Each structure stands twice: as C-alpha cells, then as structure tokens.
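Peer 1: Would you mind keeping the following structure in view while I ask a few things?
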Amino acid sequence: MRIVLCFLILTGCGGRKETDVRIAVGGQGTQVNLPAMVAQELGFYKEVGLNVSLIEFRGGSKALEALMGGSAEVVCGSYDHTIQMAAEGKNLRAFVAMLTFPGMVLVSSNISSIEGLRGKTVGVTTFGSGSHMLLNYVLAMHGMKSNDVSTAAIGSSATAVGAVIHNKIDAAVMTEPALTIVRKQMSGLHILANMETAEGARSVFGTESYLATVLYSKPEWVEENRDTAKKLATAIKRTLTWLRTHSPAEIREKLPASFRTEDAQTDLEALRMTQAMLSPDGKFTPEAVEAVHKVLGTAVESVRNAKIDLGKTYTNEMVQ
C-alpha cells in the first residue's frame with residue numbers, strides 16, 4: 001500500500017504538471033501572429049510543458065491592455081509597444097522575435113498618393129495599435145501630421161475587408177489574409193505603402209532590419225519566470241523552423257478556422273507572403289531595434305522627446 005501511494009505521488013496521478021500561460025494576441029485572424037497560433041496547433045507548447053491559452057483581441061493596443069490589466073501574462077504583438085511604453089516610464093521586455101518586417105500595407109480603392117489622404121478616413125486595427133503607429137509614420141514621411149486624416153478602428157479580418165470593399169473608409173492599413181482577399185475582389189487597388197516585402201520595407205523604412213511581431217511581457221514576469229519564457233521561446237523557434245520548411249498547403253491544413261478563408265488559393269497566396277517575413281532565429285539585433293526606435297521617434301512625440309534605454313526593451317537570453 002505504501003509503495004502504491006509513493007508511486008502515485010511521484011507520478012502526480014497523470015504525468016508532469018504543465019505551467020499555465022495566457023497569451024493576449026493582438027489582431028484576430030491576422031497572419032502576422034501566425035507563429036503563436038501554429039505553435040498551439042502543432043502541440044509545441046505542450047511538448048515543452050506549457051498549457052497556453054491564446055486570447056485574441058481586435059488589435060495590439062487591446063492585447064497590451066490585457067497584459068497591463070493582469071488578464072494575460074504575455075502578449076503576441078508589435079515590438080514597438082515596448083518602446084512606446086518605455087517612453088511613458090513603463091517597462092516591457094520582448095524575448096522572442098517572429099517577423100522581420102511588419103507585414104502591413106496601406107491601400108486605397110480611389111486614392112493614388114499619400115498626400116491624397118489629407119482630410120480622408122483611414123482604417124487601422126485599433127487606436128494606438130502598430131498599424132496606427134505605422135500610418136502616422138508614413139504620413140510624417142510625406143510632410144503630414146496624424147490629425148491631417150481621420151482614423152477608424154476596423155479590426156484586421158472580415159470587418160476590415162468589409163470596410164474597404166463597401167467604401168466605409170477611404171484607405172486602410174491591412175494585413176494578410178484580409179489584404180489578399182481585398183486584392184482579389186477589387187480591381188485597381190492602390191498600394192500606397194508596402195511593408196510586407198523586403199523591398200517594400202526598405203522603401204518605407206530605409207532598412208530591411210525592422211522588428212515586427214514578438215512575444216513580450218513585463219520584465220519582472222520574464223525574470224521571475226525565466227524557465228517558462230525560455231520554453232515559450234523554444235516553442236516559437238521550433239514553429240518558425242516548421243513554417244519555413246513546409247509548403248503553404250501543409251501550413252493551411254494546420255491553421256485554426258479563424259485563420260482560414262473559404263478560398264484555399266487566397267490562403268495559400270497569403271501564406272507565401274507571410275513565410276517571407278519569418279525571423280530566421282527568433283533573435284533581436286541592435287540594428288532592427290534602432291530602426292523601430294527611429295520610426296517611432298518620427299511618428300510619436302512622446303518617444304521623440306524621451307530618453308530610452310533600448311537594451312531594456314528586449315533580451316536574447318531566452319532564444320540562446
């Protein structure tokens with residue numbers, strides 16, 4: 001009897017205990033968050049001993065609110081939020097990189113230039129999101145201010161497609177697969193700024209080294225839960241490798257329903273674009289970090305006027 005009790009205690013009556021982690025995902029159904037979602041579908045979180053709950057929000061700013069409010073431990077979202085929050089005296093730390101450029105495109109059905117947006121309404125995922133920041137940057141680079149346009153929160157999936165196709169807005173910052181859907185349904189779509197290809201990123205930012213989607217959290221959580229953070233980074237790195245080495249058709253088979261459309265060909269085209277944006281190793285480089293800081297300094301006054309220690313906004317320790 002004593003031997004049986006000891007055995008049950010040692011085995012935990014069902015194997016090893018998994019660590020629970022809630023990840024707030026900024027942008028419902030958008031492929032810029034693909035690695036975090038596919039890691040769940042492939043079982044990579046479970047394999048490293050984590051029980052991950054993915055909580056989807058309409059945009060990155062809402063995911064950030066979840067983290068700050070305590071309803072999530074980690075965010076899958078834009079790296080720029082770590083710098084924006086640092087400018088406000090609130091520290092965040094990114095610990096694994098997923099995309100090497102933002103995967104966003106500014107489009108319009110009837111306006112052919114950035115300057116033509118003056119006085120018009122432009123859609124972004126949510127107010128204060130990465131798409132909103134990039135819109136402000138593109139405007140600034142063309143001699144305009146953020147208040148030269150009106151902005152509307154349109155989400156990132158079906159709601160964004162509907163807003164563009166039905167002309168509820170004059171232009172929008174879009175991501176895949178919504179972008180490919182709109183391209184197929186609207187002829188003569190104007191691409192005003194392309195941030196989903198290396199060439200496009202170079203044209204907009206002056207560099208291809210630009211950090212986009214990452215996992216980030218509060219620095220105290222990262223330090224107090226180093227083993228968990230390393231496991232998350234391991235699962236994401238494994239997923240990045242899997243995504244780079246499998247065909248779009250194989251990837252589509254693993255996508256959750258919210259990431260798939262009824263048109264398989266549309267999904268495959270969008271996935272090919274996303275594959276080209278994947279980080280090769282999950283690491284941060286000073287050049288890529290500085291590129292984001294430069295963009296934010298142009299687009300956001302609080303960042304421009306703040307002294308920020310960029311080294312505190314990220315760490316490569318978890319991806320070694």
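The numbers here are math on the coordinates, done by the rules we state, and not lab data. Every value quoted in this text rests on a predicted model; they were computed, and no experiment measured them. Ideal geometry is used to build each Cβ from the backbone, glycine not excepted, and the neighbour counts take in all protein chains shown.
Peer 1: From the square roots a ≥ b ≥ c of the eigenvalues of the alpha-carbon gyration tensor of the range 104-205, which class results: rounded (a/c under 1.5), prolate (a/b over b/c), or oblate?
Peer 2: rounded
Peer 1: For the range 205-254 and the range 267-307, compute the distance between their C-alpha centroids and round to whole Å.
Peer 2: 14
Peer 1: Could you tell me the relative contact order of the chain? Use alpha-carbon pairs under 8 Å, at least six residues apart, and round to a whole percent.
Peer 2: This gives 27 percent for the chain.
Peer 1: Between residue 317 and residue 127, how high is the FRET efficiency from 1/(1 + (r/R0)^6) when r is the Cβ-Cβ distance and R₀ = 45 Å? Nearest 0.05.
Peer 2: Once rounded, the FRET efficiency stands at 0.85.
Peer 1: While we're looking at this one, here's another question. Can you bin the range 204-262 into rounded, prolate or oblate? Criterion: square roots of the alpha carbon gyration tensor eigenvalues sorted a ≥ b ≥ c, rounded for a/c under 1.5, prolate for a/b above b/c, oblate for the rest.
Peer 2: Note, shape of the range 204-262 comes out oblate.
Peer 1: Kindly provide the trypsin sites (Lys or Arg not before Pro) of the range 137-239 that DSSP labels as loop, not H, G, I, E or B, and whose Cβ sees at most 14 other Cβ atoms within 10 Å.
Peer 2: 145, 168
Peer 1: For the range 175-320, what's the relative contact order in percent, using C-alpha pairs closer than 8 Å and at least 6 residues apart?
Peer 2: Normalised by residue count, the contact order of the range 175-320 is 33 percent.
Peer 1: Right, another one. Taking neighbour Cβ counts within 10 Å as the exposure measure, how do 159, 180, 245, 100 sort from fewest upward?
Peer 2: Going from least to most buried by this count: 245, 159, 100, 180.
Peer 1: Rounded if a/c is under 1.5, else prolate if a/b beats b/c, else oblate: with a ≥ b ≥ c from the C-alpha gyration tensor eigenvalues square-rooted, which is the range 44-173?
Peer 2: Prolate, since a/c reaches 1.5 and a/b exceeds b/c.
Peer 1: Under a point spin-label approximation (7 Å from Cα along Cα-to-Cβ), what is the residue 42-residue 142 distance to one decimal in nm?
Peer 2: It is 3.8 nm.
Peer 1: Kindly state, to the nearest 0.05, the FRET efficiency for residue 272 paired with residue 226, given R0 = 35 Å and r defined as their beta-carbon distance.
Peer 2: Result of the calculation: an efficiency of 0.45.
Peer 1: Which ordering of 111, 83, 191 is given by a fewest-first count of other beta-carbon atoms within 10 Å?
Peer 2: With the sparsest Cβ surroundings first, the list reads 191, 111, 83.
Peer 1: Taking neighbour counts of Cβ atoms within 10 Å as a proxy for exposure, in what order, fewest first, do 236, 55 appear?
Peer 2: Fewest to most other Cβ atoms nearby, the residues stand as 55, 236.
Peer 1: Out of all DSSP beta bridges with both ends in the range 104-205, state the antiparallel percent to the nearest 5.
Peer 2: So the antiparallel bridges in the range 104-205 amount to around 60 percent.
Peer 1: With the contact rule set at Cα under 8 Å and sequence spacing of 6 or more, what percent relative contact order holds for the range 104-205?
Peer 2: Computed value for the range 104-205: 43 percent relative contact order.
Peer 1: In addition: Percent antiparallel among DSSP beta bridges with both residues in the chain, to the nearest 5?
Peer 2: Expressed as a percentage, antiparallel bridges in the chain total about 50.
Peer 1: Bin width 20 Å, origin at 0, all Cα-Cα pairs of the chain: what percent of pairs per bin?
Peer 2: Per 20 Å bin, starting at 0, the Cα pair percentages come out as 34, 55, 9, 2, 0.
Peer 1: Amide H neighbours of residue 104 under 5 Å, at least 5 residues apart or on other chains, H built in the peptide plane: list them.
Peer 2: 195, 196
Peer 1: Starting from 0.36 nm per residue, how many nanometres of slack lie between residue 302 and residue 189 once their C-alpha separation is accounted for?
Peer 2: 37.3 nm
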